[in-house]
1. Wholly within the range 264-347, which strands (runs of 3 or more DSSP E) include no fewer than the required count, namely at least 2 residues that are of a type outside the set (Lys, Arg) and within 18 Å of residue 38 (Cβ to Cβ)?
2. Kindly indicate whether residue 9 is in contact with a Gly (Cβ under 8 Å, 6 or more places away or on another chain) and surrounded by 12 or more Cβ atoms within 10 Å (Cβ to Cβ).
3. Could you list, in sequence order, the residues of the range 226-247 that are open to solvent by less than 40 Å² (accessible area, probe 1.4 Å) and not in a helix (DSSP H, G or I)?
4. Sort through 258, 223 and tell me the only one that's within 16 Å of the ligand (Cβ to nearest atom), more than 18 Å from the chain's Cα centre (by Cα), modelled with pLDDT of 95 or more and open to solvent by less than 50 Å² (accessible area, probe 1.4 Å).
5. Between residues in the range 315-327 that are farther than 22 Å from residue 350 by Cα and modelled with pLDDT of 95 or more and residues that are part of a helix (DSSP H, G or I) and of a type in the set (A, V, I, L, M, F, W, C), which pairs lie under 8 Å by C-beta distance while being six or more apart or on different chains?
6. Checking residue 44 against (1) open to solvent by 40 Å² or more (accessible area, probe 1.4 Å); (2) closer than 30 Å to residue 305 by Cα; (3) more than 16 Å from the ligand (Cβ to nearest atom): exactly one of these is not met. Which one?
7. Residues in the range 74-92: is at least one modelled with pLDDT of 90 or more, out of contact with any helix residue (DSSP H, G or I) (no Cβ under 6 Å at 6 or more places or on another chain) and at positive phi?
8. Tally the residues that are free of Cβ contacts under 8 Å to residues at least 40 places away in the same chain, within 16 Å of the ligand (Cβ to nearest atom) and in a loop (DSSP other than H, G, I, E, B), restricting the search to the range 137-190.
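The values are calculated or read from the model by the stated rules, or taken from the named source; none is laboratory data. Keep in mind that this is a model prediction, so the values were computed, not measured. Methodologically, a virtual Cβ is constructed for each residue, glycine included, from the backbone with ideal geometry; neighbour enumeration extends over all protein chains shown. Ligands, DNA and RNA are stripped out before the accessible areas are found, and what is left, the full protein with its side chains, is counted by its heavy atoms. Shrake-Rupley method; radii C 1.70, N 1.55, O 1.52, S 1.80 Å.
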Amino acid sequence: MANTGPVPRPGILEITPYVPGDSTTVEGIAPIKLSSNETPLGPSPRALAAYRDAADALERYPDGSALALRQALAAQYGLNAERIVCGCGSDELINLLAHAYLGPGDEAVHSAHGFLMYRIATLSSGAKPVSAPEKDLTADVDAILARVTPDTKVVFLANPNNPTGTYLPQREVRRLHKGLPSQALLVLDAAYSEYVRRNDYEAGLELVATTENTVMTRTFSKIYGLAALRLGWAYCPAAIADVLQRVRGPFNVTAPSIAAGVAALADRAHLERAALHNAKWLPWVAAELEKLGLMVTPSVGNFLLIHFPAAAPKDAASADHMLRSCGIILRRVGAYGLPGALRMTIGTEDDNRKVVAALAAFMRRS
Ligand SMILES: Cc1ncc(COP(=O)(O)O)c(C=O)c1O
């Protein structure tokens, strides 16, 4: 008999579910988890205290508009709080934007090795994902613009990008925006922006402030160390903020998350420590791995894409296997079309040294 059960809309069954960074390894070894771009410094103690204090009022619904957090973000960045929308991680905001601006017949462009959630959110909305090739594992503005058609409603750009760690300078992002038709929404995903130390980089605030079709998304999951709380925000033109307010759940951000987010924002010293730690260890790890003969894509984030020889026994799968046997978990990135690479999050000094030592032994073996 033919299957007469409920059928999801076209596109849904084309989605390969997102596989998060693994956290388990061989039994009896404490894992060194460097697979999800989490900060080795953890959250600000002030954020933790605010989170615990919020436990005294769990019977109350949160402020659905997250006003305290929006005001704190507005004060921090000099923004209009009315144009900030908070979400359950920036993932939720990416999904809400797709839900609101994409439907069957529409297209959304992303770069070839762009963050996987763009494709998933696009297919979930019944629209068609369009992949634009990259140059040197970096988004290519001309290639993206060449794929824009009258059906293009969204262009997603992670800047810096995960998993490559590469970025586009502000002038290139401006050029990208300038080449887009007004019906296309440019989503600038700046999840790792706090780590970037380049004069020619800008997270997206300027374009959002001066255009009607740019949104910037940000997260508390990365440098703020609050990934477990699921807290993100978007800065939008007024009309787009209004649309997101209509489609989001009425209480999409929890009260403990709002409290922790406000406290985390106030602790600038903690943020600076995390940025300095990364600024010290990212180049150190990259240089040590290059000394071993491994190719590392230049990164401005808190992670590195490490390329292994194509053939066994020194290929990425063998390296992953060996690292796991030492309790070290990096991220396989075959799902991003990069089967020959592993992505490593910058960890504590001890973690970083252990990875380098393990890979040195791996590269020495014949
Ligand atoms: C580029 C990029 N955007 C968004 C996210 C999602 O972050 P969140 O935890 O805020 O949902 C990630 C997380 O890995 C990411 O790498």
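1. Details: elements: 295-297, 303-307, 341-345.
Passing ranges, in order: 303-307, 341-345.
2. On the way: in contact with a Gly (Cβ under 8 Å, 6 or more places away or on another chain): yes; surrounded by 12 or more Cβ atoms within 10 Å (Cβ to Cβ): yes.
Spelling it out, residue 9 is indeed in contact with a Gly (Cβ under 8 Å, 6 or more places away or on another chain) and surrounded by 12 or more Cβ atoms within 10 Å (Cβ to Cβ).
3. The answer is 226, 231, 232, 233, 234, 235, 236, 237.
4. Numbers: 223 fails: more than 18 Å from the chain's Cα centre (by Cα).
Testing whether each residue is within 16 Å of the ligand (Cβ to nearest atom), more than 18 Å from the chain's Cα centre (by Cα), modelled with pLDDT of 95 or more and open to solvent by less than 50 Å² (accessible area, probe 1.4 Å) leaves just 258.
5. Taking only residues 6 or more apart or on different chains, the pairs are 318/362.
6. Result: residue 44 fails condition (1) only.
7. yes
8. Of the residues in that region, 3 qualify.
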